[in-house]
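Novice: Structure in structure tokens, see below.
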């Protein structure tokens, strides 16, 4: 089932008992965060929330705010029209394993073919619901002329089309540098190859026409930006919100470089994504998006300090210089719903989004490392801080091979700690993992220290983007690993006794 608007997704959640409506006015400044944070911390991720009357500087916005819509395993599965995320992962894995790849290049080609088997590639259409209301800031007409039928929703003012200052954009945490668009899908294009990228980079609102755009130095959009900075040409950028919930998921998915995120979105929503050209640049966005913010980055303009921002690390990321995004147009649906999320001390909504990506792309890791059984990124590790991987161990130093291999794969390069355990260990059970980490390691023998790229959001590194890494071999030790003693068996009850006791009638 493909969702043709974010409102359709919200209505399905309500029918399934997965959504709570909040009908009284709630401020977009901090109050929505506090309510959402309490809900996200509930067992299983709580419910999705729809704030029907969010206020912007005390005035009720015409656009409701939806938050935590992907913040549980059930809602993640519903967004993919599946019984479980595991089912989707198994299907994708089955398609890719139809013919084992002979190389990494072949693996990427197979992934592209697997995604395209069920659905055509994204297709361009002339228009769509995202253009029901159009306001171009580069047009010579006045704002009243640009939108003559605008609702008079701001008391004491003329009816005006929305600017960034009017949208229900959240100020999430007390020390944040301002209001941030927290669920933006950002479209950029390689100026040399024309290859498109869909990413998610937080957007800080500076005023009604400019924002910061926080694309970190290792991200694809940053690479595109560097080429524009080298040529001095204006860089077109498009930001969209809403539409199908698979759009933000695809924007955050760890796809191999060169694969179109809209192809993944089409595969997951079981329908090709229809794209429409922006009003003020040539980039394409989903025709069914709820909001589109068009603009550009000027390479001749100095960078501007962005932040602080209460981040998924559980700490504020401090101000750093980033490019300035200039808005040239805002278009939206007449009945648009503003999608948002918050990040902070886990668990939060982003845990389920990230964990679903790991499940979905486990077959990619397994194609490169067939010994991998499962991978987990525990919530407490805030994604990059901790990776737990189980393997079928057959030779000495295999755990170290996996550590180095993962540190060399895409966003896994940011992983600070990697724990490798044996195949029978449940990597999703933190208690079980810690038992084997403490019981099955000698710190001097089984620990690896190295250096490499780090997440620029990591406040603990001595330098931005560079830091230490540590690997733990918590597998059984074999000959050749400096272990010359017999490995003891773990304590387990006899299976016949367990079965007999289970069949007994409980007494008193």
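None of the figures in this text is laboratory data; all of them are computed from the coordinates on show. Note that the structure is a prediction, hence the values are computed from the model and not measured. Please note: Cβ atoms are built from the backbone with ideal geometry, for glycine as well, and neighbour counts cover all protein chains shown.
Novice: Out of all DSSP beta bridges with both ends in the stretch 271-421, state the antiparallel percent to the nearest 5. Intermediate values should be presented prior to the final figure.
Specialist: Values: 19 of 24 bridges.
Percentage antiparallel, nearest 5: 80.
Novice: How far is helix 220-231 tilted, in degrees, relative to the longest principal axis of the Cα atoms in the chain, given as a value from 0 to 90 rounded to the nearest 10?
Specialist: 50 degrees
Novice: Can you tell me the relative contact order of the stretch 369-473? Whole percent, Cα pairs under 8 Å, sequence separation 6 or more. Please list the in-between numbers first.
Specialist: Working: 184 pairs, mean separation 26.9, N = 105.
The value is 26 percent.
Novice: Let me ask something else about it. Need the full-extension length gain, residue 495 to residue 84, defined as separation in residues times 0.36 nm minus the C-alpha distance. One decimal, nm.
Specialist: Working: separation 411, 0.36 × 411 = 147.96 nm, distance 3.10 nm.
144.9 nm is the gain from fully extending residue 495 to residue 84.
Novice: Hey, another quick one. When the Kirkwood hydrodynamic radius is evaluated over all pairs of different C-alpha atoms of the stretch 324-395, what value in angstrom, to one decimal, is obtained?
Specialist: 15.5 Å
Novice: Follow-up question, since we're still on this one. With a point put 7 Å past each Cα toward its Cβ, work out how far residue 424 is from residue 21 in nm, to one decimal.
Specialist: 5.3 nm
Novice: Here is a further query. Of the beta bridges DSSP finds with both residues in the chain, what % are antiparallel, to the nearest 5? Each step should come with its number before you reach the end.
Specialist: On the way: 60 of 82 bridges.
Of the beta bridges lying entirely in the chain, close to 75 percent run antiparallel.
Novice: Arrange 210, 313, 450 by Cβ neighbour counts within 10 Å, fewest through most, would you? Can you show the working numbers first?
Specialist: On the way: 210 16, 313 20, 450 11.
Ordered from fewest to most neighbouring Cβ atoms within 10 Å, 210, 313, 450 come out as 450, 210, 313.
Novice: Going by alpha carbons, how many degrees (0 to 90, nearest 10) lie between the helix axis of 85-96 and the longest principal axis of the chain?
Specialist: Tilt relative to the chain: about 80 degrees.
Novice: Same structure, new question: Using all alpha carbons of the stretch 364-508, what is the percent of pairwise distances in each 5 Å bin, ordered from the shortest bin to the longest?
Specialist: Pairs per bin, as whole percents: 2, 9, 17, 19, 17, 12, 8, 6, 4, 3, 2, 1, 0.
Novice: What share of Cα pairs, in percent, lie more than 18 angstrom apart in the stretch 263-352?
Specialist: Numbers: 2671 of 4005 pairs.
Cα-Cα pairs in the stretch 263-352 separated by more than 18 Å: 67 percent.
Novice: Could you state the number of Å between the C-alpha centres of the stretch 321-348 and the stretch 391-448?
Specialist: Result: 37 Å between the Cα centres.
Novice: Let me ask something else about it. Report the gain in length on full extension from residue 320 to residue 303: 0.36 nm times residue separation, minus Cα-Cα distance, nm rounded to one decimal.
Specialist: Numbers: separation 17, 0.36 × 17 = 6.12 nm, distance 0.92 nm.
Contour length minus Cα-Cα distance gives 5.2 nm.
Novice: How big is the gap, in Å, between the Cα center of the stretch 461-508 and the Cα center of the stretch 224-257?
Specialist: 42 Å
Novice: Relative to the longest principal Cα axis of the chain, at what angle does helix 31-40 sit, 0 to 90 degrees, rounded to 10?
Specialist: It works out to around 30 degrees.
Novice: Starting from the Cα gyration tensor of the stretch 15-101, take the square roots of the eigenvalues, sort them a ≥ b ≥ c, and report rounded, prolate or oblate (rounded when a/c is under 1.5, otherwise prolate if a/b is larger than b/c, else oblate). Show your work: numbers first, answer last.
Specialist: Details: a/c = 3.17, a/b = 2.78, b/c = 1.14.
Prolate, because a/c is 1.5 or more and a/b exceeds b/c.
Novice: Taking a ≥ b ≥ c as the square roots of the eigenvalues of the Cα gyration tensor of the chain, is the shape rounded (a/c under 1.5), prolate (a/b larger than b/c) or oblate?
Specialist: Details: a/c = 1.88, a/b = 1.64, b/c = 1.14.
Judged from the Cα gyration tensor, the chain comes out prolate (a/c at least 1.5, a/b above b/c).
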